[in-house]
Each structure stands twice: as structure tokens, then as C-alpha cells.
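The values are calculated or read from the model by the stated rules, or taken from the named source; none is laboratory data. For clarity, every value in this text was computed on a predicted model and none was experimentally measured. Heads up, the Cβs are rebuilt from the backbone with ideal geometry, glycines too, and the neighbour counts pull from every protein chain shown.
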Amino acid sequence: QQPVQSPQAVILREGEDAVINCSSSKALYSVHWYRQKHGEAPVFLMILLKGGEQKGHDKISASFNEKKQQSSLYLTASQLSYSGTYFCGTEGGSQGNLIFGKGTKLSVKP
Amino acid sequence: DAGVIQSPRHEVTEMGQEVTLRCKPISGHNSLFWYRQTMMRGLELLIYFNNNVPIDDSGMPEDRFSAKMPNASFSTLKIQPSEPRDSAVYFCASSFSRINEKLFFGSGTQLSVL
């Protein structure tokens, strides 16, 4: 079951904040976040393994609400380099297959 | 480490031809994934191997698609016969273990079927 991401696209000015949401209709074992720049492969950002877990790297962080089957990615004080498409990926069982949402396109303008 | 290596980077072929995409995962990784990316559908999981064994092939669109992993360092995705609707970017990714490990993606193969 493909997770649902929102919004589909967002445009920011440098320094502004953004939140990208990811939700699933199935129970989740873990949530992955990846960023893909145009013409490149997706690159891993972080993985959340437990309900309630929060992680951060630089000014990008994420949370995982296991009960609500949701995860959110927070980008604060955005930089031009944050531009790209963000994908959440969910593992719904012990099989280990990772299913991605359709992505959220983030554009940061000067 | 060289990362996940895919070949070719670009493939242009005519409808009806056989297409073979190749992937070399990172040494020591025992899970390998094939994804297809299009604007309409995003990143679709086609098939997933663990220790060279196909675990989930439910994403393979139809019998025209087949994938093999004869050993830990090589996998192929074959389309026979190819159709224009198969045009997409095909990514291979590998990870260290079966679950809860990050994926490393190859650079992808841009396939165009005319």
C-alpha cells in the first residue's frame, strides 16, 4: 500500500520553514526519508524505527507517530540546497520491501 | 566503495526489442531492489531480492518483465518484448540487510522505447 504524501509541491523563500507529511493506511515498522535532485538518484536522509521517534540532521528533522501511522519531515531555515523532491518510504511488514510515496517537490527560491 | 553500479545509463530501443538492465550492488549488501520511476506513478517497487532470492515480485507489471540475481554481485532486469509504456528511469538499490536499513541507489537507467 503506497503511503500518501502532502503537499505535492511547495515553494519557499530561503530561510522559511516547511513540513512534509506522510501517512499510511497500514501499520508501519519504519519510515524512511529520501531526497532526489533533478536527474539524480534518491539519497537517504534518515530512518525512523519506533513510534514517537524523532531524528534530526542539521536543520532537517523528522518524527514518527506509530499509532497514527504518520511521519512528518521538518525543514527549518531552508537553504537553496534543500530544493528537490522528497520521498517517504514505508516498511509495513517483516518482508522488508520499501514502498515509496509519490513525492513532494520542494523549491527554495533566493 | 564504488556504490551501486547500473548499466547502461541510457537505452533507446524500438518497440518489440528485448532490453536488459544490469546492476552490481555494493559488496556485502544482501538486499537488492529494482524500482521504476515515472512522472505519473513515482517510484514503483518492481521486485526485491534477499540473499539472491526473490522475496516480493508483486510489483512486476506483467510477464514481459523478469529479473534474476544469479549471485550476490549481479542482477538483471529484462523486458521482452518492450513497449513504449515501459519508458521510464529504472533504479537499482541495495541495502545491508533485509529491513530497517537505508537504501543506496544506483544512478539509474533511462529507458526510451520508441
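Counting only strands (runs of 3 or more DSSP E) that fall entirely inside the range A:1-40 and contain at least 2 residues that are farther than 30 Å from residue B:3 by Cβ and under 15 Å from the mean Cα position of the chain (by Cα), the qualifying elements are A:4-6, A:18-23.
Taken as a whole, the condition of being surrounded by fewer than 20 Cβ atoms within 10 Å (Cβ to Cβ) and more than 9 Å from chain B (Cβ to nearest Cβ) does not apply to residue A:35. Going residue by residue through the range B:25-33, is there one that turns out to be modelled with pLDDT under 95, surrounded by fewer than 17 Cβ atoms within 10 Å (Cβ to Cβ), in contact with a Ser or Thr (Cβ under 9 Å, 6 or more places away or on another chain) and within 10 Å of chain A (Cβ to nearest Cβ)? Scanning the range B:25-33, I find no residue that is modelled with pLDDT under 95, surrounded by fewer than 17 Cβ atoms within 10 Å (Cβ to Cβ), in contact with a Ser or Thr (Cβ under 9 Å, 6 or more places away or on another chain) and within 10 Å of chain A (Cβ to nearest Cβ), so the answer is no. When residue B:62 is tested against (1) surrounded by fewer than 20 Cβ atoms within 10 Å (Cβ to Cβ); (2) modelled with pLDDT of 95 or more; (3) among the acidic types (Asp, Glu), exactly one condition is not met: (2). As a summary of the residue check, residue B:68 satisfies the conditions (1) facing chain A (nearest Cβ under 10 Å); (2) charged (D, E, K, R); (3) over 18 Å from residue B:3 (Cα atoms) except for the one numbered (1). Counting only residues that are touching a residue at least 24 places away in the same chain (Cβ under 8 Å) and buried (at least 18 other Cβ atoms within 10 Å of the Cβ), the range A:45-68 holds 4 of them.
Within the range B:41-52, take every residue that is touching a residue at least 12 places away in the same chain (Cβ under 8 Å) and surrounded by fewer than 16 Cβ atoms within 10 Å (Cβ to Cβ) and give me the one that is farthest from the other protein chains (Cβ to nearest Cβ). Only one residue tops the list, namely B:52.
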